[in-house]
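The values are calculated or read from the model by the stated rules, or taken from the named source; none is laboratory data. Just so it is clear, the structure is predicted and the values come from calculations on it, not from any experiment. FYI the Cβ positions are ideal-geometry reconstructions off the backbone, even for glycines, and counts take in every protein chain you see.
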Amino acid sequence: MADAVRRALADGRRLAVEAGTGVGKSFAYLVPAIEIVSRKKTKVLISTFTICLQEQLIDKDIPFLQANLGVSFNAALAKGRGNYLCKRRLKSVIGRRRMLFDEWADELDSIFEWSVGTRDGSLSDIPFLPTPTVWEAVNSEHGNCTARQCEHFADCFYRKARRRLESADIIVANHSLMFSDLVLKEQGFGLLAGYEDVIIDEAHNIEHIAEDHFGIDISSYRVRRLLNELYNPVKHKGFCSYKDAKAAIDIVLAANKASEKFFRQVRSWFETHEKAFSGRCYKNFVDDFLSGQLKKLRVELSSLANKEKNIDDKFELIRYANRCSELIKELDSFLLQKLEGHIYWVEGSGAGRKTIHLRSAPLDVGPDIRRCLFDKFGSVVMTSATLSSDGSNEASGFEFFAGRIGLEDFEALKLGSPFDYKEQVKMYIEKSMPDPNEEKFVPAAVEAVKKYLLQTEGRAFLLFTSYEMLERMSAEINQWLAENKIELLQQASRVDRSSLLKYFKTGKRKVLFGTDSFWQGVDVPGEALSNVIIVRLPFAVPDRPLIAGRIEQIQQQGGNAFVEYQLPMAIIKFKQGFGRLIRNKTDTGIIVVLDSRIINKSYGRQFLSAIPECTIEIKGS
């Protein structure tokens with residue numbers, strides 16, 4: 001792998017590498033990256049999906065190589081601007097906190113105390129997690145910076161971080177920041193200093209990250225939060241109250257009513273048409289009561305900013321006016337469906353789906369990725385344990401991944417794992433289970449799960465494809481688990497993912513029920529995880545608007561959506577789920593597949609041929 005990465009960087013080529021768990025992917029791309037930056041005096045950007053991998057690179061792998069390679073180079077971790085404290089904004093907010101954040105005054109005091117001693121000045125360095133509203137009032141923002149006019153310019157945390165990046169030979173960032181930078185570079189700006197080569201680890205996620213960057217997401221919460229920051233009619237607090245801006249307050253109140261009316265009709269439409277259209281909407285599907293009030297608010301805020309003599313307040317007013325402008329532009333684009341090749345839909349989130357979202361995303365994000373990434377950089381190396389969708393060693397196994405991200409003219413390398421899966425893993429397949437779409441599947445699955453949980457005394461992940469089935473199985477098995485002293489941890493509960501995982505690792509006789517985010521990026525080495533139960537094959541639900549739109553697009557082009565899209569995507573996700581079990585050479589355990597289609601359907605063998613060879617026992621045959 002290191003040889004292939006070295007050639008790709010030297011020759012300005014694109015390379016896709018699938019390397020199994022335990023290969024040492026990070027060393028395999030770091031060593032040639034270090035070689036090229038020391039020889040060519042160029043910069044390399046390394047992008048990852050998870051914070052865990054970024055920390056591993058910056059805190060462990062890179063320092064080790066710096067100490068042992070005898071090569072001089074600098075590496076720096078890049079974070080988005082919003083991760084850094086702005087001392088000017090903090091000072092300004094503390095001065096008017098009683099009118100803005102009375103209930104969070106103590107939290108502001110704690111942030112101030114921390115700011116005096118911190119060297120990093122970033123969110124990850126704070127010993128507690130600030131309330132989002134408070135942090136957004138004091139963080140560093142583009143367009144809300146007085147630059148050299150600021151008394152804190154010399155010791156600005158964000159400026160110091162920028163200088164570190166400018167002098168770095170290797171920049172480590174996440175996929176979201178990378179795409180933010182790529183999009184801004186198309187507009188003549190940029191967040192990250194001039195790198196020439198790109199290495200993308202956990203590359204199987206870049207399509208989904210790109211969807212967010214090239215799409216729209218307007219939520220009722222986002223609008224309400226903006227208006228409440230300006231003036232909260234319940235607490236009679238907010239920026240406009242502090243400035244005694246009566247005209248602006250009146251417009252905020254009118255905008256609040258307009259927002260409630262607008263999202264009430266969106267919710268009504270959604271509840272009426274969800275089953276028929278899966279939330280997909282047409283142009284001007286509701287009346288726009290909101291944009292007019294937002295325009296009035298933007299004009300009033302801009303007028304106040306022009307008259308404002310206090311530099312801090314002036315920039316805050318400009319910031320609020322710009323946020324209104326962004327909402328107006330996105331609402332117009334959504335309701336008129338201006339983005340060609342995008343799909344538009346409504347969805348609900350949170351408890352009782354209380355928060356309403358207007359969403360859009362490209363049906364095919366490949367052209368956007370190709371334009372801003374592959375067309376701009378000669379060397380782009382992509383790696384992951386799950387890039388190919390078949391078991392062959394041929395480049396054809398990468399066609400699905402490459403097609404989804406607009407990757408053309410590339411070299412492919414598929415490497416196995418040094419682990420002995422035949423000795424370390426036993427897979428059980430329940431051949432006689434009902435089809436997962438049948439009503440009797442859940443009761444039958446519950447009985448099978450009991451057997452395998454007793455076999456491993458808990459210590460298991462149950463991987464689901466929907467919260468609905470997770471909750472049904474949880475309800476049916478909960479009492480049995482309690483009787484057998486096996487603790488149930490459930491992703492749908494209020495505990496966040498990282499806390500849930502941390503607690504799972506603390507002891508035996510625990511079982512974790514998880515959906516999408518637990519299929520990948522979760523590392524539990526040792527016997528704490530000895531059993532991974534895949535409840536059903538991870539085919540994407542075809543009634544989700546984006547999935548349904550892509551299926552329709554393929555069918556309209558004369559293709560077979562199941563073979564070309566749904567099946568390869570499910571195979572890659574299946575490989576991710578399988579990969580949760582064995583994380584080092586001493587791990588052992590079982591994989592259980594409750595979906596009988598893996599044996600009873602002709603496409604099932606493609607799932608089995610895509611994973612490392614292991615011992616398989618078919619039950620109920």
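Just to verify a result, which residue in region 270-287, among those that are under 25 Å from residue 228 (Cβ atoms) and surrounded by 15 or more Cβ atoms within 10 Å (Cβ to Cβ), is farthest from the chain's Cα centre (by Cα)? Step through it out loud before you land on a result.
Narrowing region 270-287 to residues under 25 Å from residue 228 (Cβ atoms): 270, 286-287.
The next check asks that each one be surrounded by 15 or more Cβ atoms within 10 Å (Cβ to Cβ); those that pass are 270, 286.
Values: 270: 25, 286: 30 Å.
Once the filter is applied, the top-ranked residue is 286.
What's the total number of residues in region 47-68 that are surrounded by fewer than 21 Cβ atoms within 10 Å (Cβ to Cβ) and of a type in the set (Ser, Thr, Tyr)?
Total satisfying the criteria: 1.
Looking for something among the hydrophobic types (A, V, I, L, M, F, W, C) and closer than 24 Å to residue 62 by Cα - is there at least one such residue anywhere in region 130-140? Talk me through it step by step, then tell me what you get.
At the first step, the residues of region 130-140 found to be among the hydrophobic types (A, V, I, L, M, F, W, C) are 134-135, 137-138.
With closer than 24 Å to residue 62 by Cα added as a condition, the list becomes none.
Taking every residue of region 130-140 in turn, none turns out to be among the hydrophobic types (A, V, I, L, M, F, W, C) and closer than 24 Å to residue 62 by Cα.
Looking at 433, 469, can you tell me which residue is touching a Ser or Thr at 6+ places or on another chain (Cβ under 8 Å) and surrounded by 14 or more Cβ atoms within 10 Å (Cβ to Cβ)? Reasoning before the result, please.
Working: 469 fails: touching a Ser or Thr at 6+ places or on another chain (Cβ under 8 Å).
From the options 433, 469, the qualifying one is 433.
Please go through region 372-383 and give me each residue that is touching a residue at least 60 places away in the same chain (Cβ under 8 Å) and part of a loop (DSSP other than H, G, I, E, B), ordered by number.
Taking region 372-383 first, the residues touching a residue at least 60 places away in the same chain (Cβ under 8 Å) are 372-374, 376-383.
Hits for region 372-383 are 376, 377, 378.
Hey, can you tell me all the residues within region 211-229 that are free of Cβ contacts under 8 Å to residues at least 60 places away in the same chain and either in contact with a Cys (Cβ under 6 Å, 6 or more places away or on another chain) or of a type in the set (Lys, Arg) (or both)?
Across region 211-229, the qualifying residue is only 224.
Looking at region 237-244, can you tell me whether even one residue there is in contact with a helix residue (DSSP H, G or I) (Cβ under 8 Å, 6 or more places away or on another chain), among the charged types (D, E, K, R), in a helix (DSSP H, G or I) and surrounded by 16 or more Cβ atoms within 10 Å (Cβ to Cβ)? Give the derivation first.
Just the residues of region 237-244 that are in contact with a helix residue (DSSP H, G or I) (Cβ under 8 Å, 6 or more places away or on another chain), to begin with: 237-243.
Those still in the list that are among the charged types (D, E, K, R) too: 237, 243.
In the following step, the residues that additionally are in a helix (DSSP H, G or I) were identified as 243.
Filter once more, so that each one left must be surrounded by 16 or more Cβ atoms within 10 Å (Cβ to Cβ): 243.
Looking through region 237-244, at least one residue is in contact with a helix residue (DSSP H, G or I) (Cβ under 8 Å, 6 or more places away or on another chain), among the charged types (D, E, K, R), in a helix (DSSP H, G or I) and surrounded by 16 or more Cβ atoms within 10 Å (Cβ to Cβ).
For residue 442, state whether it is touching a helix residue (DSSP H, G or I) at 6+ places or on another chain (Cβ under 9 Å), touching a residue at least 40 places away in the same chain (Cβ under 8 Å) and not acidic (Asp, Glu). Walk me through it before giving the result.
Values: touching a helix residue (DSSP H, G or I) at 6+ places or on another chain (Cβ under 9 Å): yes; touching a residue at least 40 places away in the same chain (Cβ under 8 Å): no; not acidic (Asp, Glu): yes.
So residue 442 fails the test.
In this structure, does residue 20 turn out to be closer than 28 Å to residue 575 by Cα, assigned by TED's automatic domain parsing to the domain that holds residue 373 and of a type outside the set (A, V, I, L, M, F, W, C)?
Details: closer than 28 Å to residue 575 by Cα: yes; assigned by TED's automatic domain parsing to the domain that holds residue 373: yes; of a type outside the set (A, V, I, L, M, F, W, C): yes.
Considered against the rule, which asks whether it is closer than 28 Å to residue 575 by Cα, assigned by TED's automatic domain parsing to the domain that holds residue 373 and of a type outside the set (A, V, I, L, M, F, W, C), residue 20 comes out as yes.
Regarding residue 175, is this residue in contact with a Phe, Trp or Tyr (Cβ under 7 Å, 6 or more places away or on another chain), of a type outside the set (Val, Ile, Thr) and at negative phi?
On the way: in contact with a Phe, Trp or Tyr (Cβ under 7 Å, 6 or more places away or on another chain): yes; of a type outside the set (Val, Ile, Thr): yes; at negative phi: yes.
For residue 175, the condition - in contact with a Phe, Trp or Tyr (Cβ under 7 Å, 6 or more places away or on another chain), of a type outside the set (Val, Ile, Thr) and at negative phi - is met.
Pull up region 101-114, narrow it to residues that are out of contact with any Ser or Thr (no Cβ under 8 Å at 6 or more places or on another chain) and buried (at least 19 other Cβ atoms within 10 Å of the Cβ), then point me to the one that is modelled with the lowest pLDDT.
Taking region 101-114 as the starting set, the residues that turn out to be out of contact with any Ser or Thr (no Cβ under 8 Å at 6 or more places or on another chain) are 102-103, 105-106, 108-114.
Within this subset, residues satisfying the condition of being buried (at least 19 other Cβ atoms within 10 Å of the Cβ) are 108, 111.
Details: 108: 87, 111: 92.
Step by step, filter region 101-114, then rank; the result is 108.
Only one of these conditions is not met by residue 591: (1) assigned to a helix (DSSP H, G or I); (2) modelled with pLDDT of 95 or more. Which number is it?
Residue 591 satisfies all of (1) assigned to a helix (DSSP H, G or I); (2) modelled with pLDDT of 95 or more except (1).
Filter region 1-22 for residues that are β-branched (Val, Ile, Thr) and within 23 Å of the chain's Cα centre (by Cα); which is surrounded by the fewest Cβ atoms within 10 Å (Cβ to Cβ)?
Only one residue fits best here, namely 21.
Restricting attention to region 346-371, and to residues there that are in a strand (DSSP E or B) and of a type in the set (D, E, K, R), which single residue is surrounded by the most Cβ atoms within 10 Å (Cβ to Cβ)? Don't jump to the end; show me each part of the working.
Taking region 346-371 as the starting set, the residues that turn out to be in a strand (DSSP E or B) are 346-349, 355-362.
From the residues that got through so far, the ones that are of a type in the set (D, E, K, R) too are 347, 359.
Working: 347: 18, 359: 22.
Residue satisfying both the conditions and the ranking: 359.
Kindly indicate whether residue 463 is within 27 Å of residue 507 (Cβ to Cβ), at pLDDT 95 or above, outside the structural domain of residue 201 (by TED's automatic domain parsing) and loosely packed, with under 15 Cβ neighbours inside 10 Å. Spell out the reasoning first.
Values: within 27 Å of residue 507 (Cβ to Cβ): yes; at pLDDT 95 or above: yes; outside the structural domain of residue 201 (by TED's automatic domain parsing): yes; loosely packed, with under 15 Cβ neighbours inside 10 Å: no.
Answer is no for this residue.
Mind listing just one residue for me: the one in region 218-236 that is outside any helix (DSSP H, G or I) and in contact with a Ser or Thr (Cβ under 6 Å, 6 or more places away or on another chain) and, of those, nearest to residue 358 (Cα to Cα)? Explain how you work it out, then say what you get.
Taking region 218-236 and keeping what is outside any helix (DSSP H, G or I), we get 218-219, 231-236.
The next check asks that each one be in contact with a Ser or Thr (Cβ under 6 Å, 6 or more places away or on another chain); those that pass are 219, 231.
Values: 219: 6, 231: 24 Å.
Among those residues, the one meeting the criterion is 219.
When you scan region 304-345, how many residues do you find that are closer than 29 Å to residue 145 by Cβ and either outside any loop (DSSP other than H, G, I, E, B) or β-branched (Val, Ile, Thr) (or both)?
The first filter runs over region 304-345 and keeps only residues closer than 29 Å to residue 145 by Cβ, leaving 304-333.
From the residues that got through so far, the ones that are either outside any loop (DSSP other than H, G, I, E, B) or β-branched (Val, Ile, Thr) (or both) too are 304-307, 311-333.
Qualifying residue count, region 304-345: 27.
Given the residues 374, 334, which is the only one that is crowded, with 19+ Cβ neighbours inside 10 Å, outside the structural domain of residue 496 (by TED's automatic domain parsing) and closer than 17 Å to residue 263 by Cα?
Numbers: 374 fails: closer than 17 Å to residue 263 by Cα.
So the residue among 374, 334 that is crowded, with 19+ Cβ neighbours inside 10 Å, outside the structural domain of residue 496 (by TED's automatic domain parsing) and closer than 17 Å to residue 263 by Cα is 334.
Within region 257-288, restricting attention to residues that are free of Cβ contacts under 8 Å to residues at least 40 places away in the same chain and of a type in the set (Lys, Arg), which residue is nearest to residue 354 (Cα to Cα)?
264
Among the candidates 588, 515, which residue alone is surrounded by fewer than 17 Cβ atoms within 10 Å (Cβ to Cβ), in contact with a strand residue (DSSP E or B) (Cβ under 8 Å, 6 or more places away or on another chain) and touching a residue at least 24 places away in the same chain (Cβ under 8 Å)? Full working, then the answer.
Details: 515 fails: surrounded by fewer than 17 Cβ atoms within 10 Å (Cβ to Cβ).
Answer to the check: 588.
Please specify each residue of region 23-61 satisfying the condition of being within 24 Å of the chain's Cα centre (by Cα), of a type outside the set (A, V, I, L, M, F, W, C) and within 29 Å of residue 390 (Cβ to Cβ).
Scanning region 23-61 gives 24, 25, 26, 29, 47, 48, 50.
Count, please, the residues in region 326-350 that happen to be under 11 Å from residue 294 (Cβ atoms) and of a type outside the set (A, V, I, L, M, F, W, C). Spell out how you get there, then give the answer.
Of the residues in region 326-350, the ones under 11 Å from residue 294 (Cβ atoms) are 326-332.
Okay, now just the ones that are also of a type outside the set (A, V, I, L, M, F, W, C), so 326, 329-330, 332.
So the answer is 4.
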